[in-house]
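One structure is given below, encoded as structure tokens.
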Amino acid sequence: MKKAEIKNLIRKQKIDHTLDQEFYVNDEIFDLDIKNIFSKQWVFVGHVSRIPNFGDYFLFNIGNESIIIIRDRNNKIHAHYNVCRHRGSHICLEKEGNKKLLVCPYHAWSYNLDGSIQSARMMSADFDKDEWKLNGCNLQIFEGLIFINLAEEPNSFEEFISPTKKFIEFHGLSNAKIAHRQIYPTNGNWKLTLDNFHECYHCQPSHPEYCSVHDPEYIIAYGAGNNTGPESEKFNKILLDWNKKVEDMGHVVGEYSETEFNNYSRSAERTPLKEGKYTETKNGKPIAKLMGKFKEYDRGYTSVGTSPFNSLLMCNDFATLFTFIPKSTLKTDVELMWLVHKDAEEGLDYNVDEMIWMWDVTTIADKRIIENNQKGVLSNKYKPGPLSQMEKGLEKFKNWYLKQLDLVLS
Amino acid sequence: MKKAEIKNLIRKQKIDHTLDQEFYVNDEIFDLDIKNIFSKQWVFVGHVSRIPNFGDYFLFNIGNESIIIIRDRNNKIHAHYNVCRHRGSHICLEKEGNKKLLVCPYHAWSYNLDGSIQSARMMSADFDKDEWKLNGCNLQIFEGLIFINLAEEPNSFEEFISPTKKFIEFHGLSNAKIAHRQIYPTNGNWKLTLDNFHECYHCQPSHPEYCSVHDPEYIIAYGAGNNTGPESEKFNKILLDWNKKVEDMGHVVGEYSETEFNNYSRSAERTPLKEGKYTETKNGKPIAKLMGKFKEYDRGYTSVGTSPFNSLLMCNDFATLFTFIPKSTLKTDVELMWLVHKDAEEGLDYNVDEMIWMWDVTTIADKRIIENNQKGVLSNKYKPGPLSQMEKGLEKFKNWYLKQLDLVLS
Amino acid sequence: MKKAEIKNLIRKQKIDHTLDQEFYVNDEIFDLDIKNIFSKQWVFVGHVSRIPNFGDYFLFNIGNESIIIIRDRNNKIHAHYNVCRHRGSHICLEKEGNKKLLVCPYHAWSYNLDGSIQSARMMSADFDKDEWKLNGCNLQIFEGLIFINLAEEPNSFEEFISPTKKFIEFHGLSNAKIAHRQIYPTNGNWKLTLDNFHECYHCQPSHPEYCSVHDPEYIIAYGAGNNTGPESEKFNKILLDWNKKVEDMGHVVGEYSETEFNNYSRSAERTPLKEGKYTETKNGKPIAKLMGKFKEYDRGYTSVGTSPFNSLLMCNDFATLFTFIPKSTLKTDVELMWLVHKDAEEGLDYNVDEMIWMWDVTTIADKRIIENNQKGVLSNKYKPGPLSQMEKGLEKFKNWYLKQLDLVLS
């Protein structure tokens, strides 16, 4: 597909309808997506508690890229491309582990944890160590959340994080630990996967578990974030009352969404759970230690989208963090991390099965849904269909994506 | 490959030789084949007895297309593309089953069995249900055989079926049921798979079972249908005698083959089985109830090709129906259905193993043969070879195919 | 990729650095490699002892090509493409076996072992058997080693073998037998696989077993053949002393490497094993009968590369022969054959596990190394890195390859 063809295709997309088939199945568009959309976003890939000690590392793999996230002797965390500068071998072979020195398993070139060369045997006299450092990757840590950015010249992290800051900070994630981590490999294009996450129109038919902890009026109006469904006067009233009470407690309230097109696609809000629910578990009862600045349970639910590739869904006592990782045109990994207060003890303060129950069962259902969606979208008869009033979030995401892609092709 | 290149390639094909490698291995030619050859034929995909009750359905899958074949409350059978008009999800997920309403598993849009929308929640005020019916697929039923046609403007079914009508009708398939069904996935291009079915030159070395129920002179002259091998005076004599006897019984006789190029590639004939054989089983003894208009066994064998993608091979007491389904450039599914009189009882009137014996063992052998053929055809050294006098059927099929493809490229 | 682009890419390659990514991952370059590099070399594919009797055969498979290597009634060995001239089927379906006549399993065309048609039924009157012989493949046997060449007009075998002749002949391989054979499928481009074999810079960190039988100074200076590492005065002295002793025994000594660019990439030398080692086993003690012209153990190691696709590593009492078979852009089979004196008896004269120990464990390690190398080379961040003083063999191979490819594109 030529640039001009893709630009034409972008023009042809209809308001309040899904995308044309090409966007969900074409390999060239997928490559453009990775290069120009995914690679330009700050993406949350892990929490500092995953690598607590000097030398601890984990790999973040996306397409043919493998990034080493490693903690040095001075507690500084670095991100390096997992590619030896000598002959190109992967240096770290295990998904996670501990290395005090990064030694290439091929010819034993060794690198310090900051990426500088420690030693390389038998090189010629004019070999300059400084020229052959590991390729670094942009990395920023905010509240214990590790964000990376594959761009050569990344957008300002401060600008990026600023509107969602207060929502995240209140939850004290820097004082948290990973209680559970799970990857759900999904046979669907990343945009089809995110379409699913950008609307709650399917929640009622497909997610009884989700519907048991969230108010039906919330699901209609806020299920995929603020301003993504038709307004609900009933829920507005509930929210108003709850906001007052929570403000009195000194807890954060409010909502954010992008008002004009920019490099980001962020949103955030705090809303109450269903009547009688204190957290996102089956019986709705508190499950772990209160996190962050919460002094008492406020029955709130903090939903933050830092980019299309991450969602942070946070209760008072645990947080469920999502990373959507495009693997190939028709494959996406959905990675979930559950965080609790760093002092909470498994078995005593929380039970993993109870905590992961809702999003585990819901993500498994979504995997199935997305895979059946992808099968139909591959048909010659698939044509963009009309969106409902509960799919405004999907329409927003679509428009942001199309403009981003259009910019890139200009 | 450009159109002009393919047209040139078509011109270069030699009389009485196999096709050039490209036709068996090139992905672009495969796509042309599906779009212009397969999708324009009426293809038999199942028998009404597979879905006897209101709501019964089965899926016919070809490439990325999935078609729902379903019986409604009024016993009308419909064919719909298995693609929800909302976001494109597959609607039916199981290969067969029963649905009184077609409810999309994603957002619960529901369709009546005729494809019209029954309900779609939360759509905007200007949503017009009538615009968003399921995409229908052309469907015709003849003698209980379900034919579909993926073309936008299909050829006349009446014109298509007319020359083979009397042969099929005599067997009373509308009064039959499926006794067994089996798919043989074959790693070979669809044309290589059909080449195998268009000649009986390989029967003697490769199919001892087939040769045990058919006369050696029949195999030479009629093994792949009338006018596909050298004439056999001996078999002409046998046929003449048998025709007389059978006409006296009031049974149908005769043969049909295309005399000039047209949209179809059909053939039909009735011939006697080997001396002493009454049906196509190991010992040749009758195995099930007489079907259709047969009042007594006439030892006849009715062979009908409605298109390259179907063959109906029918004895007096059971029928073996073939569907060849191109899956990808190097993959073809061969589906076999065995039909018996609807009142025949398994165990009492017929034994499945005895009935399927010949074509099951023969199709398994052909699968192996075709796969080894494909391996060799992928070699740089493969060049079209000379056809024998027993491969006239293959030459006919090849010429029909080349003309069809040429027309499409004009 | 257009020719001009590849030619430009060739020009851009830097001295003493690895190749650009394209050479290791591009499908079009791989096809060029097979067509113009692999297919023009004489490649050792097996030893005559694998097919001792009339009718014995084995298949050599490379990409979509399958070659039958078969011994006829007069002990002549032939190589034929495994493609029936009639419809293209593979003729031999098993990897090895015995056939007194090559009968195609499809329509029973039969060929004599020299490739001429023995019989083809039912062909038309003008069928000329002589036109439809099996496609032959160039074959030469030297000292029991079977070499094939897929070129239409192969280079002179005599010219090809002449510089390595004396080294091979001394080992009496024509009087040997295969004691063991093993294929190591490797997920890496063939050039990445050969890069690994063209340097011993990785031996010290990666191959403790290899290092236990070879002198550390040998590894530095000769590990990947003569003139592939920095000179070692210490090893020069060892070699000089050993050469004198061995010349006195009447054994062959010396070395060969290409001095100017030509169609070949050959090398050879004889060197001593580590002090105290008699052969390439764990304890270094003799393991089988002396081979060829050796009258006593001389502790020597004969290393011969006839082309990039073969290495012959020979001790006094057994030989390890390597064939590198490119399978696809990212896959290479490494086949090893261990030869012993034809009269040596397993269990009595030699023990297979002891004999294969070093190269089996080393090839398994290299497989892992190459696969991790390939992963990193697929990264966008991979850039050609600087070669060490111990990677001169890799640089030589690279330059020979680039010139060959450049010639082809002219």
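Here are some notes:
- Distance histogram in 5 Å bins (all Cα pairs of region B:166-279, percent per bin): 2, 9, 15, 19, 22, 18, 11, 3, 1, 0
- Debye intensity ratio in log₁₀ form over the Cα atoms of region A:43-149, taken at each q of 0.19, 0.23 Å⁻¹: -0.91, -1.28
- Normalised by residue count, region A:164-409 yields a Cα convex hull volume of 127 Å³ per residue.
- Projected onto its three principal axes, the C-alpha set of region B:307-369 covers 43, 23, 16 Å, listed from the longest axis down.
- Positive-end residue, the protein assembly as shown charge dipole about Cα centroid, Cβ charges, pick of C:54, C:193, B:46: C:193
- Along region B:128-144 the Karplus relation, 6.51 cos²θ - 1.76 cosθ + 1.60 evaluated at θ = phi - 60°, assigns HN-Hα couplings of 10, 3, 5, 6, 10, 4, 4, 5, x, 10, 4, 9, 9, 10, 9, 6, x Hz to successive residues, with x for each Gly and Pro.
- Above-threshold pairs, the threshold being 22 Å between Cα atoms, out of A:95/C:381; B:14/B:35; A:245/A:274; A:237/A:274; A:398/C:375: B:14/B:35; A:398/C:375
- What the phi angles of region B:63-77 give under the Karplus curve with 6.51, -1.76 and 1.60, with θ = phi - 60°, is a coupling list of x, 8, 9, 10, 10, 8, 10, 9, 9, 8, 4, 9, 6, 7, 9 Hz, glycine and proline written as x.
- Put in order of Cβ neighbour count within 10 Å, fewest first, the listed residues A:5, B:260 become B:260, A:5.
- Relative contact order (%) - chain C, alpha-carbon pairs under 8 angstrom, separation at least six: 21 percent
- Label geometry 7 Å along the beta-carbon vector: residue B:151 inter-copy distances in nm: 5.4, 5.4
- Charging the Cβ of each Asp and Glu at -1 and of each Lys and Arg at +1, and nothing else, the dipole of chain C about its Cα centre rounds to 600 debye.
- Peptides C:305-315, A:9-19 ordered by average Cβ neighbours within 10 Å, highest first: C:305-315, A:9-19
- Global dimensions of region A:146-226 from alpha-carbon coordinates: Rg and Dmax equal 16.6, 45 Å.
- Based on alpha-carbon atoms, the Kirkwood radius and the radius of gyration of region A:30-84 give Rg/Rh equal to 1.04.
- Mean-position separation - Cα centroids, region A:258-310 and region C:118-192, in angstrom: 70 Å
- Under a model in which nothing but the beta-carbon of Lys, Arg (+1) and Asp, Glu (-1) is charged, region B:205-315 shows a dipole of about 520 debye around its Cα centre.
- Using Cβ point charges alone (K and R +1, D and E -1), the dipole size of the protein assembly as shown about the Cα centre works out to roughly 380 debye.
- Take residue B:15, push a point 7 Å out from Cα through the beta-carbon direction, and compare it with the same point in every other copy: 6.5, 6.5 nm, smallest first.
- Phi-based couplings in Hz for region C:184-198 (Karplus 6.51, -1.76, 1.60; Gly and Pro marked x): 10, x, 10, 7, x, 4, 4, 6, 5, 5, 6, 3, 4, 7, 9
- Length-normalised contact order of region B:224-287 in % [C-alpha pairs under 8 Å, at least 6 apart]: 26 percent
- Cα point-scatterer Debye curve for chain A, base-10 log of I(q)/I(0) at q = 0.06, 0.08 Å⁻¹: -0.26, -0.46
- The Stokes-Einstein estimate for the protein assembly as shown, based on a Kirkwood radius over Cα pairs and taken at 4 °C with 1.567 mPa s viscosity, is a diffusion coefficient of 36 µm²/s.
- Taking 1.306 mPa s as the viscosity and 10 °C as the temperature, the Stokes-Einstein diffusion coefficient of region C:270-398 based on its alpha-carbon Kirkwood radius rounds to 94 µm²/s.
- Listed residues A:136, A:105, A:75: farthest to the positive end of the dipole of region A:43-149 (Cβ charges): A:105
- Summarising the amide proton neighbourhood of residue B:179: residues at separation of 5 or more, or on other chains, whose placed amide H is nearer than 5 Å comprise B:338, B:339, B:340.
- Direction-averaged projected area, Cα convex hull, region B:283-325: 3.6 nm², rounded to one decimal.
- Every helix of 4 or more DSSP H residues in the protein assembly as shown counts as -39500 (n - 2.57), and over all residues that averages to -8500 deg cm²/dmol at 222 nm.
- Working note: Debye formula, equal point scatterers on the alpha-carbon atoms of region B:68-204, no solvent; log10 I(q)/I(0) at q = 0.09, 0.12, 0.17, 0.22 Å⁻¹ is -0.42, -0.71, -1.13, -1.37.
- Label 7 Å beyond Cα on the Cβ vector: residue C:76 copy-to-copy distances, nm: 7.5, 7.5
- Sparsely packed loop sites in region A:69-178 (the GluC sites (Glu not before Pro) outside DSSP H, G, I, E and B with at most 10 other Cβ atoms within 10 Å) comprise A:94, A:152.
- Calculated P(r) of region C:228-312 - Cα pairs past 18 Å, %: 52 percent
Read-outs throughout are calculated quantities, based only on the coordinates presented, and are distinct from any laboratory measurement. Computed from a predicted structure; not experimentally measured. Don't worry about glycine lacking a Cβ; one is built from the backbone with ideal geometry, like all the others, and counts go over all protein chains shown.
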